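K.L.:
What follows is a single structure, and I will ask about it in a moment.
The values are calculated or read from the model by the stated rules, or taken from the named source; none is laboratory data. What you are looking at is a predicted structure, and each value in this text was computed from that prediction instead of being measured. When we count neighbours, we look across all protein chains shown, and the Cβ atoms used for this are built from the backbone with ideal geometry, even at glycine. Heavy atoms of the whole protein, side chains included, go into the accessibility calculation; ligands, DNA and RNA do not. Shrake-Rupley method; radii C 1.70, N 1.55, O 1.52, S 1.80 Å.
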Amino acid sequence: MMKTINIKSVIISAVIVWILGVMAFVASYFVPVMPDPDVQANWVLSIALVPGALIGAHLYYRKGHKTNGFVLGTAMFLMAMLLDALITVPLLIIPNGGSYLTFFTDPAFWLIAIEYVSVVAGYWQIEKALKTARLVSVKQKQL
């Protein structure tokens with residue numbers, strides 16, 4: 001049974017993850033390691049997104065929400081996508097020669113989207129498993 005989603009908590013968690021992601025993405029341009037700075041920025045974002053999404057999921061679920069992790073991950077990604085459309089593209093992408101079309105049709109964008117949703121859903125699965133294990137442990141101690 002799917003529990004309801006708390007929109008306010010989704011927004012807060014997603015904004016935090018988005019800020020962390022944008023900071024990592026932009027910072028990667030200041031430390032050139034790869035010949036293509038755009039590819040490097042996507043790699044850095046994909047690496048930074050794992051702890052960022054875990055933090056966002058933790059912040060959401062610590063309030064006791066029971067939302068399905070896939071639903072939460074999708075909602076958080078959609079919020080990040082909205083922030084990208086309102087802030088990232090006009091302030092960072094267009095001034096550097098990109099466009100909405102190039103940004104949102106880049107395969108790397110969609111791979112990162114899959115990663116984002118997967119990390120949040122994975123966090124939810126692990127939290128459910130740990131909660132079940134704790135309940136079993138408590139019941140065993142009571143016997």
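K.L.:
Just to check your reading of the model, which residue among Ile94, Ile114, Ile55 is under 25 Å from Val10 (Cβ atoms) and free of Cβ contacts under 8 Å to residues at least 24 places away in the same chain? Walk me through how you get there before you give the answer.
P.N.:
Numbers: Ile94 fails: under 25 Å from Val10 (Cβ atoms); Ile55 fails: free of Cβ contacts under 8 Å to residues at least 24 places away in the same chain.
Going through Ile94, Ile114, Ile55 in turn, just one is under 25 Å from Val10 (Cβ atoms) and free of Cβ contacts under 8 Å to residues at least 24 places away in the same chain: Ile114.
K.L.:
I've got another one for you. Mind counting the residues in region 3-27 that are within 14 Å of Tyr61 (Cα to Cα) and open to solvent by 40 Å² or more (accessible area, probe 1.4 Å)? Show your work before the answer.
P.N.:
Residues of region 3-27 within 14 Å of Tyr61 (Cα to Cα): 3-14.
Those still in the list that are open to solvent by 40 Å² or more (accessible area, probe 1.4 Å) too: 3-8, 11-12.
Here the count works out to 8.
Conditions tested, residue by residue: (1) more than 17 Å from the chain's Cα centre (by Cα); (2) surrounded by fewer than 15 Cβ atoms within 10 Å (Cβ to Cβ).
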{"position": "Phe70", "(1), (2)": "no, no"}
{"position": "Gly73", "(1), (2)": "no, no"}
{"position": "Met76", "(1), (2)": "no, no"}
{"position": "Ser99", "(1), (2)": "yes, yes"}
{"position": "Leu111", "(1), (2)": "no, yes"}
{"position": "Val117", "(1), (2)": "no, no"}
{"position": "Ala129", "(1), (2)": "yes, yes"}
{"position": "Gln142", "(1), (2)": "yes, yes"}
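K.L.:
Which residues, counting only those in region 56-68, are open to solvent by 50 Å² or more (accessible area, probe 1.4 Å) and of a type outside the set (D, E, K, R)?
P.N.:
Of the residues in region 56-68, the ones open to solvent by 50 Å² or more (accessible area, probe 1.4 Å) are 58, 62-63, 66.
Correct list: His58 only.
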